[in-house]
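The values are calculated or read from the model by the stated rules, or taken from the named source; none is laboratory data. Since the model is a prediction, treat every value here as computed from it, not as a measurement. As a convention, Cβ positions derive from the backbone with ideal geometry for all residues, glycine included, and neighbour counts pool all protein chains shown.
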Amino acid sequence: MSDDLKIAVLGVGMMGSFHVDALSKRVRGATVTVVNDYLADKAAEVAEQVGARVEDDPIAAINDSEVDAVLIASPGDAHAAQLNACLDRGVPVLCEKPLTTDIASAYAIVQKEKALGKQLIQVGFMRRFDPEYAELRKLISDGGLGKPLMVHCIHRNPAVGDHFNSEFMIRDSVVHEVDSVRFLLGEELTSVEVIKGAATGNAPHGVHDPMLVIFETESGAIVTVESFVRTGVAYEVRTEVVGETGSAFIGLDQNLQLKSTDGRWGGKITPSFVERFGQAYDIELQRWVDAAKAGTIDGASAWDGYAAVAVCEAGVQALRSGAKFHVHLAGGSVAAIEPEEPHAGIQAPDLEGAWP
Ligand code: ISE
């Protein structure tokens with residue numbers, strides 16, 4: 001339709017093609033007009049399915065006269081240049097995480113958008129649109145749990161490729177918990193530690209799968225994240241918030257429960273994040289399209305994307321060094337991340353020979 005938001009989708013791998021499908025079938029008021037991917041065949045295949053045009057150059061796609069808004073689902077290292085081009089042209093953009101791949105470029109994007117005086121960038125943290133997360137957030141902000149003291153997050157994937165090393169687990173998986181906790185509690189994360197335990201035999205040598213990531217927040221709440229991406233079982237994302245006056249749990253996967261004659265009881269497992277968060281993705285896209293038409297955003301901002309980049313970078317440093325890392329976001333300059341001073345540890349007295 002003529003008043004549809006005309007969208008260029010950059011990157012049509014798994015996420016990008018999923019979004020093209022949603023935009024063309026389930027989202028109202030949007031048309032995908034231009035598709036770009038570094039794999040020409042893939043771009044042609046996806047474009048043909050929705051009657052869009054292929055543009056080989058992502059920057060030309062952003063500047064195309066038939067494009068009102070951009071959805072970035074390209075690899076993370078392409079984001080900075082593509083976001084800069086969107087800001088230069090002044091078009092709304094929904095960018096999949098990460099905002100960019102380093103703190104300095106993420107901060108530069110935040111500053112550039114701020115100088116324009118208009119929020120154009122929304123970051124694709126889809127869990128914010130999941131009804132359970134939204135309900136939990138409201139419960140917390142209404143004071144239903146009292147002061148939040150602890151958050152326990154479980155993030156399990158059934159299987160991933162070998163490229164998914166320990167650092168990637170933090171930047172690609174744990175990043176969702178970083179944004180979710182910021183969203184739920186409405187405060188920044190200020191420190192991060194990584195505890196590496198025994199690894200599953202399913203993980204390539206040297207990959208710390210599973211690992212435990214521990215954050216502190218501005219108010220002193222403690223957040224634990226189990227990141228386990230090769231369980232071989234199901235997609236399991238659960239969050240429990242423990243407050244002064246109660247606790248609440250989401251992600252129990254309580255769909256149809258069947259009792260059968262063989263004495264078993266239960267439901268079907270959720271195989272991947274597409275099934276678990278399919279509804280959230282659709283809501284996210286619809287609200288982004290509606291907001292873009294109204295000249296605003298409705299979801300995670302460039303600042304939220306930047307905060308996630310900074311906290312995850314600190315997480316990677318904590319993983320590499322074994323030290324706890326602090327994150328300082330405020331202060332009008334690029335985020336500082338720094339290790340905590342090492343301490344001497346406990347000195348046990350040498351008792352050898354003290355007994356006869
Ligand atoms: C993936 O990129 C996602 O965004 C999923 O939500 C997450 O669960 C998965 O671990 C990531 O690899």
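Listing for the model above:
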read-out	value
Residue within the range 251-268 that is touching a Phe, Trp or Tyr at 6+ places or on another chain (Cβ under 7 Å), of a type in the set (D, E, K, R) and part of a loop (DSSP other than H, G, I, E, B) present	no
Flag if Leu319 is part of a helix (DSSP H, G or I), in contact with a strand residue (DSSP E or B) (Cβ under 9 Å, 6 or more places away or on another chain) and over 19 Å from Ile121 (Cβ atoms)	yes
Scan of the range 290-310 for residues that are surrounded by fewer than 23 Cβ atoms within 10 Å (Cβ to Cβ) and within 13 Å of Pro92 (Cα to Cα), ordered by number	Asp290, Ala291, Lys293, Ala294, Gly295, Thr296, Ile297, Asp298, Gly299, Ser301
Failed item, numbered, when Ala248 is tested on (1) in a strand (DSSP E or B); (2) touching a Phe, Trp or Tyr at 6+ places or on another chain (Cβ under 7 Å)	(2)
Candidate set from the range 138-161 (those that are in a helix (DSSP H, G or I) and out of contact with any strand residue (DSSP E or B) (no Cβ under 9 Å at 6 or more places or on another chain)); member that is nearest to the ligand (Cβ to nearest atom)	Lys138
Those residues of the range 179-198 which are modelled with pLDDT of 95 or more and within 12 Å of Ser227 (Cα to Cα), in sequence order	Val194, Ile195, Lys196
Leading residue by the ranking (nearest to Phe168 (Cα to Cα)) among those in the range 224-275 that are within 16 Å of the ligand (Cβ to nearest atom) and among the aromatic types (Phe, Trp, Tyr)	Phe228
Selection count, the range 8-33, where residues are in a helix (DSSP H, G or I) and among the polar types (S, T, N, Q)	2
Condition met for Ile269 (more than 16 Å from the chain's Cα centre (by Cα) and touching a residue at least 40 places away in the same chain (Cβ under 8 Å))	no
Candidate set from the range 183-203 (those that are within 16 Å of the ligand (Cβ to nearest atom) and either part of a loop (DSSP other than H, G, I, E, B) or charged (D, E, K, R) (or both)); member that is nearest to Ala335 (Cα to Cα)	Ala203
Residues within the range 162-182 that are more than 13 Å from the ligand (Cβ to nearest atom) and part of a loop (DSSP other than H, G, I, E, B), tallied	1
